Each structure stands twice: as structure tokens, then as C-alpha cells.
1. Could you tell me whether residue 128 is closer than 17 Å to residue 79 by Cα, in a loop (DSSP other than H, G, I, E, B) and either polar (S, T, N, Q) or touching a helix residue (DSSP H, G or I) at 6+ places or on another chain (Cβ under 9 Å) (or both)?
2. Tell me whether segment 90-105 contains one or more residues that are under 10 Å from residue 71 (Cα atoms), of a type in the set (A, V, I, L, M, F, W, C) and buried (at least 21 other Cβ atoms within 10 Å of the Cβ).
3. Filter segment 347-362 down to residues that are crowded, with 21+ Cβ neighbours inside 10 Å and modelled with pLDDT of 95 or more and give me whichever is nearest to residue 283 (Cα to Cα).
4. Test residue 286 against the stated conditions and say whether it is hydroxyl-bearing (Ser, Thr, Tyr), in the same structural domain as residue 220 (by the TED database) and in contact with a strand residue (DSSP E or B) (Cβ under 6 Å, 6 or more places away or on another chain).
5. Which residues, counting only those in segment 319-345, are farther than 14 Å from residue 154 by Cβ and touching a residue at least 24 places away in the same chain (Cβ under 8 Å)?
6. Would you check if residue 185 is β-branched (Val, Ile, Thr) and either closer than 21 Å to residue 278 by Cα or within 21 Å of the chain's Cα centre (by Cα) (or both)?
7. Enumerate the helices (runs of 4 or more DSSP H) found wholly within segment 175-262, keeping only those where 1 or more residues are of a type outside the set (Val, Ile, Thr), buried (at least 22 other Cβ atoms within 10 Å of the Cβ) and at pLDDT below 90.
Amino acid sequence: MSNKVFANALEISCKAASGKTMCAFPDVCFTPPQTPATPPGVPLPYPNTGFSSDTTDGSTTVKISGQQVMLKNKSYFKTSSGDEAGCAPKKGLVTSTNKGKIYFSRWSMDVMVEGENVVRHLDITTHNHRSYPGNESIPWPHLESMAPGAAKAACEKEVNREKAACKDFKKQGTKNVCASAGMNIGIKKQRARGANWNKMSVDAIKGKEAADKCLRARKCRLVPYNAQKDGVKGCCPSQTPDHVIPKSSFYEASVSKGKKLPGWKKYKMSAAPCMCAEGPSNTEGSHGLRHASHKFMGRKVGAGTTQSFAKELNLCLKSVQKVFKSSNCSNKCLKAQLNEGHKDMCSKDLKDAEVKHSPSGSDAASEAALNPLKALGTKTSR
């Protein structure tokens with residue numbers, strides 16, 4: 001089982017855990033037959049494996065799931081497996097044993113239990129010990145689990161809701177959510193048919209409640225702009241990925257002129273996190289409504305004003321909550337994804353980063369007194 005106790009974002013190894021060190025190699029042991037040509041047997045290399053359930057001489061007062069914790073230079077796995085066939089009298093080439101102990105040779109530098117450093121996921125081991133060094137002495141990683149990323153932990157409710165709402169659709173089921181929702185026709189074809197994007201954003205899939213619930217839930221999962229348009233990894237063909245924080249916010253003048261703001265040289269609009277919205281552009285459908293709402297809510301900031309990344313992020317989240325309220329995405333989840341999606345694109349810590357307030361969208365909608373959606377003659381969005 002995963003015990004969800006971590007040191008430095010790595011799960012701590014303990015007797016109650018399901019961790020393992022798999023196929024450490026080579027564990028050279030003498031193996032029958034013993035012949036005149038090879039009196040001690042044939043030296044053969046074996047892959048060796050050990051399990052954290054064999055933890056021995058661990059902590060005595062601090063426990064995880066009621067079991068002892070592995071400690072630096074004190075604890076070990078009492079046995080290993082994989083070299084059983086190396087059973088000629090000499091056994092291990094170095095230690096003269098097989099199925100020997102497993103010791104760790106790396107651990108956390110700053111997390112201790114009972115005054116000793118704890119060992120964790122990906123810390124390295126050596127195998128088949130009876131003495132030092134081990135018979136298998138090439139460092140081999142121990143595998144437990146990583147702490148969930150900030151976005152994953154913050155979005156647990158949204159992830160569970162998506163699983164429930166989309167159980168019949170790919171990737172869990174067999175149905176295509178885009179086809180079931182009538183959202184599987186590309187933007188160009190929709191334009192040729194004279195699509196009413198504002199109406200589509202409200203009731204294009206009326207009567208197809210299951211698909212509607214699934215697409216609503218999937219709005220909470222932000223996707224890269226260039227993600228595959230299949231309704232699973234990315235948006236449906238009738239949707240467009242909407243940069244929640246506008247891409248122009250990261251450029252000094254405009255995207256077309258290409259000069260990025262200080263600290264944002266690594267910004268990539270193709271990889272930046274987006275929400276799937278209806279409509280072909282930032283002036284039509286729910287995509288347009290979201291930008292109009294962003295423009296309205298930032299009217300006191302002023303276009304082109306530089307402000308902190310955190311302030312612009314919060315302003316963008318307000319517009320998302322206004323337009324996509326029925327998707328029930330928490331600010332905590334969306335904020336974690338936006339931070340996660342932008343942090344590696346910035347040379348600074350995000351708390352010190354600045355971006356430009358760069359509104360767009362319909363002026364008519366943004367000038368509506370309190371309800372920027374009312375001006376486009378629609379009630380809400382999916």
C-alpha cells in the first residue's frame with residue numbers, strides 16, 4: 001500500500017509499504033554444476049530483488065501505518081531474491097552468500113526519525129550483503145512513490161467528478177464524448193454551416209445530458225494549446241483552447257511582434273494551459289464570453305498595465321468562474337494548474353513574476369454594467 005508519508009516529495013520506505021528494489025544487477029554467484037573445469041561452480045550474474053516489507057531493525061517509537069521506518073545505516077531488508085540458483089558452496093563471488101541483506105547507500109539529508117536519516121523512493125541500494133561491500137554493489141534505486149504534484153493534489157475532487165461523469169466515454173469507456181455532444185465537427189465546417197456560436201455555447205447539446213456532464217467536468221482539466229483535439233487529451237473539434245491567461249500578457253507589445261516580457265523568454269503559447277471553450281476565436285461563443293468577462297473585470301486595471309502574475313491570474317479566474325460557473329471548477333484547482341503550467345516558462349519564481357494585463361473580446365459585452373454575458377443574449381455557458 002502507499003502510506004502517503006513523504007520526505008522531500010519522496011515516499012518514505014517502511015515495513016508497511018509496498019516498495020521494491022527490482023532486478024539489481026549483476027549479483028554474481030557460483031552456480032552448479034561443479035565440474036573439474038569449474039570446481040566452485042559456474043559464476044553467473046543474477047538480477048536481485050528486495051521488498052520494503054522485509055524491513056528489519058527500523059524505528060521503534062515512530063511508526064508509519066503501525067510499522068517500523070527504514071533508517072540510515074541501521075535498517076536493512078533482511079533478505080533478497082533472484083539468486084537462489086547460485087547455490088554452489090561458494091555462493092556469492094564477494095560475500096559467499098545468496099539471498100543476502102539489502103542496504104541503502106543514500107537517504108534524505110534533512111528529514112530524520114529517531115535521530116537517523118530516513119530512506120525514500122529512488123534512494124539507492126546494494127544487494128546480497130553478508131559483509132561490506134555487497135555481492136551486488138552497483139547502486140540500484142528503490143521504488144516507492146512520488147508525492148502528488150500540487151495540481152494533482154489540488155484537483156482531487158475535480159478528477160473524481162470527471163471520472164464519474166465520463167465513465168462511459170473514452171478513455172474509460174468506448175463512446176466518443178465529442179460525437180455524443182455534437183461537438184465533433186471542425187471549426188471550418190461549423191463556419192461554413194453558419195454556426196451560431198453563442199447559442200452553441202448554451203444548448204447545442206441539449207438532450208444529451210451525459211455528454212454534457214462529461215464535457216463540463218473536463219473543462220476543469222486545463223490542456224496545452226496544441227493538445228490533440230479528441231475530447232480526451234484536448235478539446236473537441238468544435239471547441240477551441242482558450243489561454244486562461246492571455247498569451248499576449250507575456251509579450252511587450254503584441255504576439256505578432258514577438259518580443260517577450262523580461263523573465264518570460266521560455267514562454268510557449270503552444271504549451272501554455274488552456275480551457276476548452278466553444279467558438280472559433282476570442283470574440284465568439286463561450287470563448288468570446290470569457291474574454292469579454294475578463295475585459296470587463298479588468299476595466300479598472302487598464303490595458304497594457306504591468307502587474308504581478310498572481311494578480312492577473314486571479315483576475316482571469318474571476319472571468320472563468322463567471323462564464324463557466326456550471327462546470328464547478330474550484331479556484332484552488334485552476335490556480336494550481338496555471339501555476340504548474342507556467343512555472344517552467346519563467347526564469348523567476350512566479351511570486352516575483354510580472355505580466356501585462358491584455359484584455360480582448362467584445363466591447364459591447366465588456367461594457368455591460370454587471371453582467372457581461374447579458375449583452376450577447378445568452379444566459380450561461382456550458
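The values are calculated or read from the model by the stated rules, or taken from the named source; none is laboratory data. Values in this document were obtained by computation on a predicted structure and should not be read as measured data. So basically every Cβ, Gly included, is an ideal-geometry build from the backbone, and we count neighbours across all protein chains shown.
1. no
2. yes
3. Result: 358.
4. When the stated conditions are applied, residue 286 passes them.
5. 319, 320, 322, 323, 324, 325, 326, 327, 328, 342, 344, 345
6. Spelling it out, residue 185 is indeed β-branched (Val, Ile, Thr) and either closer than 21 Å to residue 278 by Cα or within 21 Å of the chain's Cα centre (by Cα) (or both).
7. 197-203, 209-218
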